[in-house]
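A.B. asks: Just passing along the structure, written as structure tokens.
The values are calculated or read from the model by the stated rules, or taken from the named source; none is laboratory data. As the structure is a computational prediction, the values presented were derived from the model and not from experiment. All Cβ positions, glycine included, derive from the backbone under ideal geometry; neighbour counts span all protein chains shown. Side chains are part of the model used for accessible areas, which takes the heavy atoms of the whole protein and leaves out ligands, DNA and RNA. Shrake-Rupley method; radii C 1.70, N 1.55, O 1.52, S 1.80 Å.
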Amino acid sequence: MTAPVRTPLAVSVPVEGMTCASCVAHVEEAIASLPEVEAVRVNLAPERADVSFKSAPDFDRLRRAVEDAGYEVRTEDIELDVKGMSCASCVSAVEDALKAVPGVQTASVNLATGRAIVSRIMGSAADRDLLSAIAAEGYGAERHDAGRPKDAILDRELALRASGRRALVAAVLTAPIVVLAMGPHLVPAMHHWLTMTFGAAFSGLAQLVLAAAVLAGPGGRFFVVGARTLARRKPDMNALVAIGSGAAFLYSTIATLVPSWLPAGAAEVYFEAAALIVTLILLGRYLEARARGRASEAISRLLRLAPKTATVMREGVPTDTPVDRIVVGDVVLIRPGERIPVDGTVTEGSSWVDEAILTGESIPMAKAHGSTVLAGSINRAGSFSFSATGVGADTFLAGIVRLLEGAQAAKLPIQALIDRITRWFVPAVLGVAALTFLAWLLLAPSPSLGPAVVAAVAVLIVACPCAMGLATPISILVGSGRAAELGVLFRRGDALQTLSNVDTVAMDKTGTLTLGQPRLTDVVTADGRSEVDLVRLAASAESRSEHPLARAVTDAARDRGIGTMPPSRFVAEAGRGVVALVDGVEVRVGTRDLIAHAGASNPRLEAEADRLAAEGKSVFFVAAGGMPLGVLAVSDPLKPGAAAAVARLRRAGRRVVMITGDRRSTALAIAREAGIEDVIAGVTPAGKLEAIRDLRAAGRRVAFVGDGMNDAPALAEADVGIAMGTGTDVAIEAAEVVLPSGSLDGVPSAIAISGATLRNIRQNLFWAFAYNVALIPVAAGVLYPLTGLQFSPILAAGAMALSSVFVVANALRLRGFGSRPRVAPLAPSLHATRMG
């Protein structure tokens, strides 16, 4: 039975790709041809089709009709928080319910995060329809509010406390049952005392009352949800527990109240088994919830970074203000040791700010007038004021949280197989339990009814779809969180699986391998000339130039504290340099030809210039008053740690390729410094795209690392795109992985955490499947002919509860992943080969 869904009589469907009246006619004709459509009107300006239906709409058929006409129906993704799921069968039930709602294209539910991501045609599948569909399956749901992440954490804490209380109450009620059931076997005198003091029927009746309290109270949800899923023919873990514990309780109740209904010698009671099953499973769920809370601590730590209040200037007076009341443009005062509450730009003062938790950059960053500061970072020294530019959900910190939540809610490709298996797991277990009961009833020595019930209950209880459902998402949850702490943000969870298989890392040069900021690196003076005079005159002449290389010279003068003089005359000669009159002297800065034209030449300086040019640097000759002063060299230097990162990749067997639009001589010089052997230089953005395609066509699995707008096509084409967080928004949007600090060391770290997460998932899956494959037959009694011992339902409950805890605990090992993780080497056949 599916959820009742409201049938809309009319909807507005966004349509993309229409450019003219003819397009409108085509779309109207396509939609009008559907039998359930009563009327349709397509509007070109808002790109919308207003559709009226005479019967229940089929949105999938409508979408196909529009696509067949050559246009697209716009879809949107929404996130829902789902409560009450406990196993993989719950996930399947919720996904099936959501997919049954008209207009829903895809639905992906994550057990570890309790999050559902639904893709729907815009204008269809209203929120209330989706929530009703989930509620009809017995689960709670609400629209996920990204603006209230702290409330979500509070909800999890409250749910954990409630889970602990249920387990505690169940344990308190179960303890006397165990004493009454086991005590007489351990202390024979206890049986005599109970019989003489309270009567022969006391023990059985007391156990019945206490067990009923356990099952109806703390264990009541198992029966409510289990009955609902059985009624819909979609049994889940709750159904297994309800049937197992309920069967043990019902059999024991009959044995206590009407033993004559049972065969002679079969009136055994198993109240302690029924109560302990519920208690142990509740305890296991509490421990699992605690561990899952620790698994999601990465987001919790990020959310705790932002302070609750800040000092804001209000009418010229510093005022303590709640952070949620800060608006763009407010001036915020920051003192030493305080956390920065929102994003902004420094307007006054200077300091050193620790941004390690946000970007992974361990060294505090200098901040002065015009510098950007980020919410959650710590002011280490000095005081400053800044103007708020990003508040609330628009801060860099909030963006990290959104990326992390998105990655943690994603499903890896490997999960598809697991979902298909778990969809049939619980029905299969019910079938095995029924066969077990019949086998024991027919084959075991008389009286066989009691042992048959015990064996069937043990099969029902020991089976654990929970571990299978958690195996993948819990590892993603912990792995992506740990990656964020190391300065690696996965925008898409499936990149965790893909990145571990990458054998080739291609990267852009400017802004990726290098700083992306040309700097003055060499100053060679003519005999008898000083470096200060050379830099002063060159910077003075270049002060009116807008060329990036000229700016490198003027920045160098400023950084070295060298004063400059404004030129009284300035002429820029395209492709050659500048000629300026500085303090009455003609100064020339530019090419060899520009200097030679003034009669200024120097063989030694020309030789030095040739040497510097061979290193890939841009060389300027400087002359004043017709006399050579020296040579300046400007280059875009390699980022600190770039060579070490490349070495780590190569040691792990990854092939490293530079793909750049820069000239080949410069590219080769940077490649030599970085330790890269394969270089593709002088290519356009389209050439970068072709280079990635050629590598993939050769069988390589390629990650591309870039930062600029011109890198976006290559980032999108690669198996995995890795964008520098210091780069353009276009590049970041095209990538699956973001390195906020812009440090290249994040690339081997990303590959390493990806490999570790995949290994952890495989370990979890092996345990989950091996556990069920091994213990279900044991619970059914395959070892009984050899040992004469029957597997107790109590042991089955304990094993089932611990299996989920084991999976979560194994995933938590990823939290200890090192700050400089080792990249797992590839097989020898995938090791680097030099590109011709």
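A.B. asks: Could you list, in sequence order, all residues of the stretch 158-200 that are modelled with pLDDT of 75 or more and either β-branched (Val, Ile, Thr) or touching a strand residue (DSSP E or B) at 6+ places or on another chain (Cβ under 8 Å) (or both)?
C.D. replies: Passing the criteria: 159, 169, 172, 174, 177, 178, 179.
A.B. asks: Can residue 571 be described as without any contact (Cβ under 8 Å) to a residue 12 or more places away in the chain and either more than 18 Å from residue 520 (Cβ to Cβ) or in a loop (DSSP other than H, G, I, E, B) (or both)?
C.D. replies: yes
A.B. asks: Something else now. Which of the residues that make up the stretch 519-535 are in a helix (DSSP H, G or I) and in contact with a strand residue (DSSP E or B) (Cβ under 9 Å, 6 or more places away or on another chain)?
C.D. replies: Hits for the stretch 519-535 are 531, 533, 534, 535.
A.B. asks: OK, next. What number of residues within the stretch 574-583 satisfy the criterion of being closer than 20 Å to residue 551 by Cβ and either part of a strand (DSSP E or B) or touching a helix residue (DSSP H, G or I) at 6+ places or on another chain (Cβ under 6 Å) (or both)?
C.D. replies: Within the stretch 574-583, residues that are closer than 20 Å to residue 551 by Cβ and either part of a strand (DSSP E or B) or touching a helix residue (DSSP H, G or I) at 6+ places or on another chain (Cβ under 6 Å) (or both) number 6.
A.B. asks: Quick one: residue 141 ticks every box in (1) part of a helix (DSSP H, G or I); (2) at pLDDT 85 or above; (3) hydrophobic (A, V, I, L, M, F, W, C); (4) open to solvent by less than 60 Å² (accessible area, probe 1.4 Å) bar one, so which box is it?
C.D. replies: Answer for residue 141: the failing condition is (1).
A.B. asks: If you go through the stretch 483-498 one residue at a time, how many are at negative phi and either in a helix (DSSP H, G or I) or open to solvent by less than 30 Å² (accessible area, probe 1.4 Å) (or both)?
C.D. replies: Number satisfying all stated conditions: 11.
A.B. asks: Also, quick follow-up: Which one is surrounded by the most Cβ atoms within 10 Å (Cβ to Cβ), of the residues in the stretch 28-44 that are in a strand (DSSP E or B) and hydrophobic (A, V, I, L, M, F, W, C)?
C.D. replies: So the residue we want is 42.
A.B. asks: Another question, if that's okay. Where residues in the stretch 685-715 are in contact (Cβ under 8 Å) with a residue 40 or more places away in the chain and farther than 19 Å from residue 646 by Cβ, which of them is most open to solvent (accessible area, probe 1.4 Å)?
C.D. replies: 710
A.B. asks: Scan the stretch 3-15 residue by residue and report those that are surrounded by fewer than 17 Cβ atoms within 10 Å (Cβ to Cβ) and modelled with pLDDT of 85 or more.
C.D. replies: 14
A.B. asks: Tell me, yes or no, whether the stretch 109-120 has at least one residue that is of a type in the set (D, E, K, R), assigned to a strand (DSSP E or B) and crowded, with 18+ Cβ neighbours inside 10 Å.
C.D. replies: Yes, the conditions are met somewhere in the stretch 109-120.
A.B. asks: Follow-up. Go through 628, 640 for me and flag whichever is open to solvent by 50 Å² or more (accessible area, probe 1.4 Å) and either hydrophobic (A, V, I, L, M, F, W, C) or not in a helix (DSSP H, G or I) (or both).
C.D. replies: Testing whether each residue is open to solvent by 50 Å² or more (accessible area, probe 1.4 Å) and either hydrophobic (A, V, I, L, M, F, W, C) or not in a helix (DSSP H, G or I) (or both) leaves just 640.
A.B. asks: Looking at (1) within 18 Å of residue 627 (Cα to Cα); (2) not in a helix (DSSP H, G or I), can you tell me which one residue 563 breaks?
C.D. replies: The single condition residue 563 does not satisfy is (1).
A.B. asks: Taking residue 776, is it in a helix (DSSP H, G or I), β-branched (Val, Ile, Thr) and closer than 30 Å to residue 459 by Cβ?
C.D. replies: It is true that residue 776 is in a helix (DSSP H, G or I), β-branched (Val, Ile, Thr) and closer than 30 Å to residue 459 by Cβ.
A.B. asks: Look at the stretch 760-774 and say how many of its residues are touching a residue at least 40 places away in the same chain (Cβ under 8 Å) and open to solvent by 40 Å² or more (accessible area, probe 1.4 Å).
C.D. replies: Within the stretch 760-774, residues that are touching a residue at least 40 places away in the same chain (Cβ under 8 Å) and open to solvent by 40 Å² or more (accessible area, probe 1.4 Å) number 3.
A.B. asks: Name the pairs whose Cβ atoms lie under 9 Å apart, with the first residue in the stretch 781-802 and open to solvent by 40 Å² or more (accessible area, probe 1.4 Å), the second modelled with pLDDT under 80 and of a type outside the set (Val, Ile, Thr), and 6 or more positions between them or separate chains?
C.D. replies: Within 9 Å, the pairs are 802/284; 802/287.
A.B. asks: Here is a follow-up. Any residue that is in a strand (DSSP E or B) and in contact with an Asp or Glu (Cβ under 6 Å, 6 or more places away or on another chain) - is there at least one of those in the stretch 78-100?
C.D. replies: Looking through the stretch 78-100, at least one residue is in a strand (DSSP E or B) and in contact with an Asp or Glu (Cβ under 6 Å, 6 or more places away or on another chain).
A.B. asks: I've got another one for you. Scan the stretch 209-260 for residues that are in a loop (DSSP other than H, G, I, E, B) and among the small types (Gly, Ala, Ser) and jot them down.
C.D. replies: If the condition is that a residue be in a loop (DSSP other than H, G, I, E, B) and among the small types (Gly, Ala, Ser), then 217, 219 are the ones that fit.
A.B. asks: Are any of the residues in the stretch 112-132 modelled with pLDDT under 75 and polar (S, T, N, Q)?
C.D. replies: The answer is no, given that none of the residues of the stretch 112-132 is modelled with pLDDT under 75 and polar (S, T, N, Q).
A.B. asks: Going through 750, 723 one at a time, which residue ends up being small (Gly, Ala, Ser), closer than 12 Å to residue 490 by Cα and not in a helix (DSSP H, G or I)?
C.D. replies: Being small (Gly, Ala, Ser), closer than 12 Å to residue 490 by Cα and not in a helix (DSSP H, G or I) holds for just one of 750, 723, which is 723.
A.B. asks: Moving on to the next point. Could we say that residue 344 is touching a strand residue (DSSP E or B) at 6+ places or on another chain (Cβ under 8 Å), free of Cβ contacts under 8 Å to residues at least 60 places away in the same chain and surrounded by fewer than 21 Cβ atoms within 10 Å (Cβ to Cβ) here?
C.D. replies: Criteria not met by residue 344.
A.B. asks: Which of the residues belonging to the stretch 209-225 are small (Gly, Ala, Ser), touching a residue at least 40 places away in the same chain (Cβ under 8 Å) and open to solvent by 20 Å² or more (accessible area, probe 1.4 Å)?
C.D. replies: Passing the criteria: 213, 217.
A.B. asks: Report yes if some residue within the stretch 538-549 is within 29 Å of residue 643 (Cβ to Cβ), outside any strand (DSSP E or B), over 51 Å from the mean Cα position of the chain (by Cα) and in contact (Cβ under 8 Å) with a residue 40 or more places away in the chain; otherwise report no.
C.D. replies: No, the conditions are met nowhere in the stretch 538-549.
A.B. asks: OK, next. Scan the stretch 375-392 and give yes if some residue there is open to solvent by 20 Å² or more (accessible area, probe 1.4 Å), part of a helix (DSSP H, G or I), at pLDDT 80 or above and under 30 Å from residue 474 (Cα atoms), otherwise no.
C.D. replies: Looking through the stretch 375-392, at least one residue is open to solvent by 20 Å² or more (accessible area, probe 1.4 Å), part of a helix (DSSP H, G or I), at pLDDT 80 or above and under 30 Å from residue 474 (Cα atoms).
A.B. asks: Quick one: which of 789, 802, 795 is farther than 23 Å from residue 498 by Cβ, modelled with pLDDT under 90 and not in a helix (DSSP H, G or I)?
C.D. replies: On inspection, the qualifying residue turns out to be 789.
A.B. asks: Give the residue that is surrounded by the fewest Cβ atoms within 10 Å (Cβ to Cβ), with candidates limited to residues of the stretch 424-455 that are outside any helix (DSSP H, G or I) and over 39 Å from the mean Cα position of the chain (by Cα).
C.D. replies: Residue satisfying both the conditions and the ranking: 445.
A.B. asks: Right, another one. Does any residue in the stretch 238-253 that is closer than 19 Å to residue 465 by Cβ come within less than 8 Å, Cβ to Cβ, of a residue that is open to solvent by less than 10 Å² (accessible area, probe 1.4 Å) and of a type in the set (Phe, Trp, Tyr) six or more places away or on a different chain, and which pairs are these?
C.D. replies: Qualifying pairs under 8 Å: 238/222; 241/222; 242/222; 245/222.
A.B. asks: Here's a follow-up. Output the residues belonging to the stretch 584-616 that are acidic (Asp, Glu), at pLDDT 85 or above and either surrounded by 15 or more Cβ atoms within 10 Å (Cβ to Cβ) or not in a helix (DSSP H, G or I) (or both).
C.D. replies: 586, 606, 608 - these are the residues of the stretch 584-616 that are acidic (Asp, Glu), at pLDDT 85 or above and either surrounded by 15 or more Cβ atoms within 10 Å (Cβ to Cβ) or not in a helix (DSSP H, G or I) (or both).
A.B. asks: What is the number of the single condition among (1) farther than 30 Å from residue 504 by Cα; (2) modelled with pLDDT of 90 or more; (3) open to solvent by less than 40 Å² (accessible area, probe 1.4 Å) that residue 751 does not meet?
C.D. replies: (1)
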